[in-house]
Amino acid sequence: MDAIKKTVFSGVQPTGKITLGNYLGAIRNWGPLQDQYNCLYCVVDMHSITVSQVAAELRKNTMDLVALYIACGVDPTKSGLFIQSHVPQHAELCWVLDTISYIGELNRMTQFKEKSRKHADNINMGLMNYPVLMAADILLYQTDLVPVGKDQIQHLELARNLAERFNNRYSETFVVPEGLVFKQGSSIKSLQDPLSKMSKSDPNENAVISLMDDPDTIARKFKRAVTDSDTVVRFGEDKPAISNLLTIYSLTSGETIEQAEQRFAGQGYGVFKQAVADAVIAVVKPIQDEQRRLIADKAYLESVLKAGAEQAERIAAKTLAKVYRKVGFVPKIR
Ligand code: AMP
Ligand code: TRP
C-alpha cells in the first residue's frame, strides 16, 4: 500500500437484496476512488446477523455481494476486497471501543430506534452495538474517508467521537475519519413514498429497485412509481417523487438534471418514466451479467478474498497491537 495516499474504507451488509439506492448512494462511487486513494472495501457480514438471518442465505448473499462489488467497478488489483468476519480484529477492536461508548449515545441512534421498532421481538445487544462495530471497521485501518449514503452520517459521527475520545484518553492513536457523502444520489427514495428512503427491508416490492431485477420488472416498477400532482417533469422540493426519478435518471444516463428537464419538457410522466427505466436497465444489465460470470468463478473470488483478508489483517493487526498497548494489556509472548 502506498503510504502517502489517504485511506478509504466502506462496506455494505450482505442482507437481502442490494438496491439501486445502495448502488447510487454508495457502491457506484467506490471504483473512481481507487487511483487516488488506498481503498478497502468490505462485505460486513458481522453487521448482518444483528437481525436474524438464514445461514445458507447469508453465505450466498455474502459471495454474491463480493462479486457485485467487482462487477460495479471495485478492482481487486487496486483495492483490498474482503469479508469482515475473515479479519478477527474487527470484533476485538469493537470490544475495546465498547468500553468507551455510552449506552445513552447508542440508545439515541436513529437506525437503532428504527430497527428496534421493526424487530421488536429481537432487540439484541448486537443491534445496539452495531455502530460501535462500524466504528471499529473504520478506525482499524486509520481511515481518512468513508464514502457512504446520507443515512450513515450519524454512525460516522459516532466513529469520529470514539476516535477522539480514545485519543484523548490514551494519547494519539486513531485517524479521525471524514464522511464522503456525494451531493447527488446520497438519499434515493422509495418509489412508493418519496419521503422515505429506498430500503432493502421495505415489504412493498414496488417501492424498491433491486440490482437483481430483470428489465421487465424494472420497467413495471417505474411505471407504477408514484408521481406528484401536476404533470411537469421538474426538480424541486415541492415535487419529491419526480425529483427522485430525475436524480435516478441523471445518475444513470449521465445527463444533468437541467438537460433532463429540457428533454422531457411538455411530455407526460409516462414517457419520462419509461426513459428512467431504460437508463437504469442500461446500467444494471451489464452489472448483472458480470456478476453472474464472477459468481460462476468461485476459485477467482476465493483468491481475491484470501489476498484481501491478508492485506486487511496486516493493517488491522498493527492498529490493534497499538490499541492493546495503550490500554495496558500485556503483549503476547511470540
Ligand atoms: P446498507 O444497505 O444499510 O448496508 O447500506 C449500504 C450503503 O448504501 C450505505 O453507504 C448506505 O448509506 C447506502 N444506502 C442505503 N440505502 C440508500 C438509499 N436509499 N440512498 C442512498 N444510499 C443508500
Ligand atoms: N452501517 C453501514 C450501512 O448499513 C454498513 C457499514 C458497516 C459500513 N461498517 C461500515 C459503512 C464501515 C462504511 C464503513 O450502510
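Read-outs throughout are calculated quantities, based only on the coordinates presented, and are distinct from any laboratory measurement. Computed from a prediction, not measured in an experiment: that's the story for all the values here. Please note: Cβ atoms are built from the backbone with ideal geometry, for glycine as well, and neighbour counts cover all protein chains shown.
Points worth noting:
- Listed by chain and number, the lysines placed with their C-alpha closer than 30 angstrom to that of residue 332 are 306, 318, 322; residues fewer than eight positions away on the same chain are left out.
- Dividing the helix sum by the residues of the chain, where each DSSP H run of 4 or more adds -39500 (n - 2.57), gives a mean residue ellipticity at 222 nm of -16500 deg cm²/dmol.
- Our estimate of slack between residue 56 and residue 238, defined as 0.36 nm per intervening residue step minus the Cα-Cα distance, is 61.1 nm.
- Fully extending the segment from residue 169 to residue 290, taken as 0.36 nm per residue of separation minus the present Cα-Cα distance, adds 38.8 nm.
- Value of relative contact order over the chain, rounded to a whole percent, pairs C-alpha under 8 Å and six or more apart: 22
- The simple spin-label model puts a point 7 Å past each Cα toward its Cβ; for residue 230 and residue 110 those points are separated by 2.9 nm.
- Convex hull of Cα atoms in segment 185-277, direction-averaged projection (nm²): 5.6
- Beyond 29 Å in Cα-Cα separation lie the following of the pairs 223/285; 5/113; 6/115: 5/113; 6/115.
- Footprinting exposure proxy for 234, 224, 117 (fewest neighbouring C-beta atoms within 10 Å first): 117, 224, 234
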